[in-house]
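Accompanying notes for the structure given below.
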Amino acid sequence: MTEYDAIVVGSGMSGGWSAKELAEQGLKVLVLERGGPIEPSKDYADFVTPWERPNLDQIPEDEVKNDYPIQYRAVRYAMRDSTKHFWVKDSEHPYVTPKDKPYDWIRGYHTGGRSLLWGRQSYRLGPQDFEANIKDGHGTDWPIRYDDLKPWYEYVEKFAGIAGSNEGLEQLPDSIFQPPFEMTCVEKEFKKNLEESFPTRKVIHARVAHLTKPTEEQMSLGRGPCQVRNHCNRGCSFGAYFSSNSATLPAALKTGNCTIVNNAIVHSLEYDEVKKRVSGVKVIDAQSKEVKTYTARFVFLNASSIATAMILLQSKSASFPNGLANSSDQVGRNLMDHVSAAAASGEFEGFDDQYYYGRRPGGVYIPRYANITEQDKPYLRGFGYQGGGKRIGWTGNRPGIGEDFKQANRKPGNWQVGLYAFGEVLPNPENRVTLDKTKKDKWGLPLANINCVMGENEKIMMREAQKDAYEMLKAAGAVNINRGPDTELTLSLPGNRIHEMGTARMGRDPKTSVLNEWCQAHDVPNLFITDGACMPSGGCQNPSLTYMALSARAAHHAVKLFKKGEI
Amino acid sequence: MHKSAAQETQNQSPNAPANQGMTRRNLLIGIMASVGVATTVGCVENFDKSLASLELEKNSHPDNLRFYTANEYELLSILTSLIIPDTDTPGALAIGAPKMMDTLHADWASTESKEKQKIAISEIKQSLDKLAGQNFLTAPSKIQLSSLTELDSQAFSGKKNKAWGYRSVKSLIARFYYSSEVGATQELRYELVPGRWEACIPFEKVGRTWAA
Ligand SMILES: Cc1cc2nc3c(=O)[nH]c(=O)nc-3n(C[C@H](O)[C@H](O)[C@H](O)COP(=O)(O)OP(=O)(O)OC[C@H]3O[C@@H](n4cnc5c(N)ncnc54)[C@H](O)[C@@H]3O)c2cc1C
Ligand code: SF4
């Protein structure tokens, strides 16, 4: 007897989708979430004015040093005293890296996971991304192509709500869009000038998971239009940006088929040697440390790439002494992220009489052109730029005192356009997570041992992206560009872009990949993985939209198999 | 709501003598406000008497300081009142910036930052004493103003590191001020819930810098 039809491990970006799709099709779903519940009225800090919190809402320095040294170094912009509960304490959730290979594992353990904290940039992969591995030989071939995922992108976009503009670009296919946030006058000028100088490049609206024209379905879940506050990492009482908390979990719960259990740390999956199936999910209660096993007909792992790999590696059995579904030895390998380093900003003159109203979440985007519309590159694959143009605000770092000083700050500073590259990181089996042989966490689980570095292609790519950023700003009319074409770059640490992927990749061959085209384990038919772990390569686009589409697609396939009695 | 243009034109010219006369008085009001004696600058006049006696006693510091010494606090209060004075909107002393900085360093700062702050304050004091040719704290308002004006212009003309102490204290005063309700909504503009995005509008429609 199984208690549930399906168990979903993790309630974040991908887990929310798995739960929703399975529950809406009538299956009894259990979501196991290691963190605590989120109560908007208590946990969201989106109505906190700048003057309501002491100490500029900063987390005390000693507390940062003791409890959040890694989280804070990576995302200090999002970490305030009023929002620190959205992030793990590094002191409570350590992991191991070689001394010379630091890694940023940036996360929050609570209902909704990082869907509550993300930057909401939402882009489809393009046809080239599904073909990259087979073409240049890095990584293994994707078992699906763009057309396989296209209907599922459409499916998730309609529900999630993406603000953006139709551009007809092959490499960055259009989503189903709600109206974009208009460009500022300087962004329009930048776009015009840049596209004139570089006909192979485009400046488009950032595509962000914000409701600008909510549908009936979205409103029926209690979601409303974006209020343009750009305080999203404090939570959103309007449910205006997509998160598991605002969208997928309410939909899943509405069916009456979904149960969420919090504080449920999945320890491992139990394997039935006879039936050759996962038979149970072993859980430790985060508070009482009580151990319990839940059973279901099949399991979706959505704990996020590194945690999912750890659960598999931790699940040892006679058939799988090196970890469940790991006959290929690929579990934990090919850990990817995106890479940043190239960035520049410059000032635009002649718009001093123009300003804006509201705090727009998101700006502009320059889609990948390298090895798409331009072929002369000394590196493989490519990058996109996030960016935006706005006026510099007040500053204490200016000369003058007294009324002069006040007057000077009453007028906003110059217009500034900034560009910031996100590049693709090649899959590399040596970049991997394993279970540490000796160190354990406070629940007795082995720590992750993460061994991951950026490669040569990433270095060259960022060097070139820096040159390009400078040249584009210059050609578009910027002055006082802050970083030149030859600026010495420090690559972002692996993990720092918070797009970890690849630790249980999909592929055509069970010998070299963990999952098949449906994100179903080659080795274990009733096990599905649809978080970033399943990605055979990362593209250069922010990946969450793709996890959503893959989760919905896999869930529908799993329901088919379930109904046929095959799992 | 945006303030009317009429309200905005009542600015006094910078550093006008009338302003200087106010300095010490405003300073005292600010200090009183920060210890809860007065909560609004609006009722200043009622306090003229107690101000006078306070000044007489030269007892212009609250006794519940948690980080700064009385002298440091007084220096900071003078800096605050001169860098961001009351004009047609209340200044940084009126909103209690020195008290906020005292709390910040008591509750938020690490030992290292605490030490740095002490060094910064003492360096500023030394420079100002030198520029004033006397104890800056007891110097006449006019001399305080001219010394600080000189220190500020030195800090922003030479090498940045030379004056890091002054510049960091000045930045912090500005952060507290522009994050305060007065600084954000009266001096600058702030909307907690803008509700809409207008990408390009004439500057006059907003009229001031957005505080956030
Ligand atoms: C600041 C920030 C900005 C970002 N910006 C963007 C962006 O603009 N665009 C974009 O596409 N992506 C962005 N991301 C990345 C995005 O958040 C992730 O890609 C996405 O959330 C990953 O989804 P997931 O389901 O794999 O994991 P998560 O959303 O992290 O969810 C995993 C869940 O599993 C739970 N869990 C973990 N281990 C266990 C266990 N053993 N047992 C039970 N439960 C467990 C966790 O508590 C968590 O709730 C950003 C992330 C951050 C932090
Ligand atoms: S900007 Fe929009 S999505 Fe973000 S918190 Fe405000 S209302 Fe919510």
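The values are calculated or read from the model by the stated rules, or taken from the named source; none is laboratory data. The structure displayed is predicted, hence computed values, not measured ones. So basically every Cβ, Gly included, is an ideal-geometry build from the backbone, and we count neighbours across all protein chains shown. Surface areas here come from the heavy atoms of the whole protein model, side chains and all, with no ligands, DNA or RNA. Shrake-Rupley method; radii C 1.70, N 1.55, O 1.52, S 1.80 Å.
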Using only atoms on other chains, find how many Cβ atoms lie within 10 Å of each Cβ of peptide B:182-190 and report the average. 3
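State the percentage of accessible surface on chain A attributable to carbon and sulfur atoms; use a 1.4 Å probe and exclude ligands, DNA and RNA.
Values: 10040 of 20330 Å².
On chain A, the fraction of accessible area on carbon and sulfur atoms equals 49 percent.
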Peptide-level mean, for A:222-229, of C-beta atoms on other protein chains within 10 Å: 3
Residues in segment A:1-24 that a label on A:Thr295 would reach, taking backbone N under 16 Å of a point 7 Å out along Cα→Cβ: A:1-7
If you take the square roots of the eigenvalues of the alpha-carbon gyration tensor of segment A:413-465 and sort them as a ≥ b ≥ c, do you get rounded (a/c under 1.5), prolate (a/b over b/c) or oblate? oblate
By accessible area (1.4 Å), largest first, A:Arg360, A:Arg114 order as A:Arg114, A:Arg360
What does the average come to when, for each residue of peptide A:52-60, you count the partner chain Cβ atoms lying within 10 Å of its Cβ? 4
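Sorted by accessible area (1.4 Å probe), largest first, how do A:Ser537, B:Ser168 line up? The partial results should precede the final answer.
Details: A:Ser537 0, B:Ser168 50 Å².
Of A:Ser537, B:Ser168, the descending order of accessible area is B:Ser168, A:Ser537.
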How large a share of the accessible area of segment B:104-212, in percent, is made up of carbon and sulfur atoms when the probe is 1.4 Å and the other protein chains stay in place? 51 percent
Buried accessible area between B and A (1.4 Å probe, both chains summed, ligands and nucleic acids excluded), in Å² to the nearest 100? 5200 Å²
Measure nothing fancy, just the Cα-based angle from helix A:456-475's long axis to the longest principal axis of chain A, in degrees from 0 to 90, nearest 10. 30 degrees
Heavy-atom accessible area of A:Leu56 with all protein chains present, probe 1.4 Å, nearest 10 Å²? 40 Å²
So which of A:Lys406/B:Lys125; A:Lys99/A:Lys511; A:Lys65/A:Lys439 end up more than 29 Å apart by C-alpha? A:Lys99/A:Lys511
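Given a 1.4 angstrom probe, what's the average accessible area per residue across segment A:99-171, in square angstrom? Don't skip to the answer; put the middle values down first.
Working: 2610 Å² over 73 residues.
Per residue, segment A:99-171 has 36 Å² of solvent-accessible surface.
Which of rounded, prolate or oblate describes chain A when judged by the alpha-carbon gyration tensor and an a/c cut-off of 1.5? Mind showing how you got there, number by number?
Values: a/c = 1.64, a/b = 1.46, b/c = 1.13.
Prolate, since a/c reaches 1.5 and a/b exceeds b/c.
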What ranking of A:Ser279, A:Ser315, A:Ser288 comes out by heavy-atom accessible area, probe 1.4 Å, highest first? A:Ser288, A:Ser279, A:Ser315
In terms of Cα to Cα distance under 18 Å, which lysines are near enough to A:Lys390, apart from those fewer than 8 places away along the same chain? A:Lys188, A:Lys191, A:Lys192, A:Lys411, A:Lys474, B:Lys205
Which angle between 0 and 90 degrees, to the nearest 10, do you get for helix A:13-24 versus the longest principal axis of chain A when only C-alpha atoms count? 50 degrees
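What ranking, highest mean first, results for peptides A:414-425, A:371-382 when packing means the other Cβ atoms within 10 Å averaged over each residue? Write down the numbers at each step before the final one.
Values: A:414-425: 24.8, A:371-382: 16.4.
Packing order, densest peptide first, comes out as A:414-425, A:371-382.
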Cα gyration tensor, segment A:191-350 - rounded (a/c under 1.5), prolate or oblate: oblate
Could you work out [θ]222 nm for chain A from helices alone, using -39500 (n - 2.57) per DSSP H run of at least four and dividing by all its residues? Round to the nearest 500 deg cm²/dmol. -7000 deg cm²/dmol
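Between A:Glu170 and A:Asp148, take the C-beta separation as r, use R0 = 22 Å, and let me know the FRET efficiency to the nearest 0.05.
Values: r = 17 Å, r/R0 = 0.76.
E(calc), rounded to 0.05, equals 0.85.
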